[in-house]
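Single-structure report; data block below.
The values are calculated or read from the model by the stated rules, or taken from the named source; none is laboratory data. Since we're looking at a predicted model, the values are computed, not measured. Cβ: placed from backbone, ideal geometry, glycine included. Neighbour counts: every protein chain shown. What goes into the accessible areas is simple: the full protein's heavy atoms, side chains included, and nothing from ligands, DNA or RNA. Shrake-Rupley method; radii C 1.70, N 1.55, O 1.52, S 1.80 Å.
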Amino acid sequence: MKLSIYRYDPEKDAKPYMKDYDVQLDSHDRMLLDALVKLKAQDDSVAFRRSCREGVCGSDAININGKNGLACITKLADLPEHVTLRPLPGMPVIRDLIVDMTQFFKQYHSIKPYVINNDPPPERERLQSPEEREELNGLYECILCACCSTACPSFWWNPDKFVGPAGLLQAYRFIADTRDQATSERLDNLEDPYRLFRCHTIMNCVDVCPKNLNPTKAINKIKEILVKRAV
């Protein structure tokens, strides 16, 4: 397999450049991450993140032939012989395929991603009906890989103002949670020309999500709640 890799080491390079590698694969190699590990053995200066190898941690998110995805669950059989790998777009590059996730997590933390409930804690857990719990399906499974937010033009243009698809998906996850008592405050936090309404329903986020989630649907539900509240 031929890999064209985005290379940039700020301590040595004046500007980024692309470098081609030929990687010899064998029958045991199944995923793109396997090819990257082989490449790392070949040239240990190549930098990329990886951890669980199972599509759970989200750390090996990169741009694969122009589309964001996870290297560990991208099948080699689905790729051409020549693959171009770049860092996630719209993010500051630390080195090679590693980006600075600071702004992404700042927006995520801004929506207060935890249940807020001021009632005295019960002896056991706070219960939900099966129907109430089912409402959270498709929301809690986000692994914060940033594939969606870094595929979103609104996040590229206003990363300091627009929460982004990942953050807004999680915002709705807690708005929809019947155990949470901060719905009004959460909506106030998002009622802003930039934080929520910069979503233009392009749906790039849905196209690239490795967990097959639908941030656009969640964002539209928040918009709908805000519109009804204003009436």
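Remarks
- Rg/Rg_ref, segment 133-172, where Rg_ref = 2.2 N^0.38 Å and atoms are Cα: 1.24
- Solvent exposure of the chain amounts to 54 Å² per residue of accessible area, where only protein heavy atoms count and the probe is 1.4 Å.
- Restraint check, 2/221; 38/112; 2/161; 15/161; 40/211; 67/161, Cα-Cα greater than 32 Å: 2/221; 38/112; 2/161
- Multiplying the residue separation of residue 192 and residue 212 by 0.36 nm and subtracting their alpha-carbon distance yields 4.4 nm.
- Counting every C-alpha pair in the chain, the share spaced more than 28 angstrom apart comes to 39%.
- Those GluC sites (Glu not before Pro) in segment 96-163 that DSSP places in a loop and that have at most 14 other beta carbons within 10 Å: 123, 125, 141
- Highest-first arrangement of 173-185, 43-55, where packing means the average Cβ count within 10 Å: 173-185, 43-55
- Normalised size of segment 57-182, defined as Cα radius of gyration per 2.2 N^0.38 Å with N residues, equals 1.28.
- Label zone at residue 117 (point 7 Å along Cα-to-Cβ), backbone N below 17 Å, segment 124-145: 124-137, 140
- By the helix-only formula, in which each DSSP H run with n ≥ 4 contributes -39500 (n - 2.57) and the sum is divided by residues, the chain has a 222 nm mean residue ellipticity of -8500 deg cm²/dmol.
- Neighbours of residue 136, meaning other residues whose beta-carbon lies under 12 angstrom from its beta-carbon, give a summed charge of -4 when Lys and Arg score +1 and Asp and Glu score -1.
- With only the Cα atoms considered, segment 14-67 has a convex hull volume of 120 Å³ per residue.
- Taken as Cα centroids, segment 70-130 and segment 175-231 sit 17 Å apart, rounded to the nearest whole angstrom.
- Axis of helix 165-175 versus longest Cα principal axis of the chain: the two differ by about 30°, to the nearest ten degrees.
- Folded to 0 to 90 degrees: helix 215-230 orientation relative to the chain principal axis, Cα: 30 degrees
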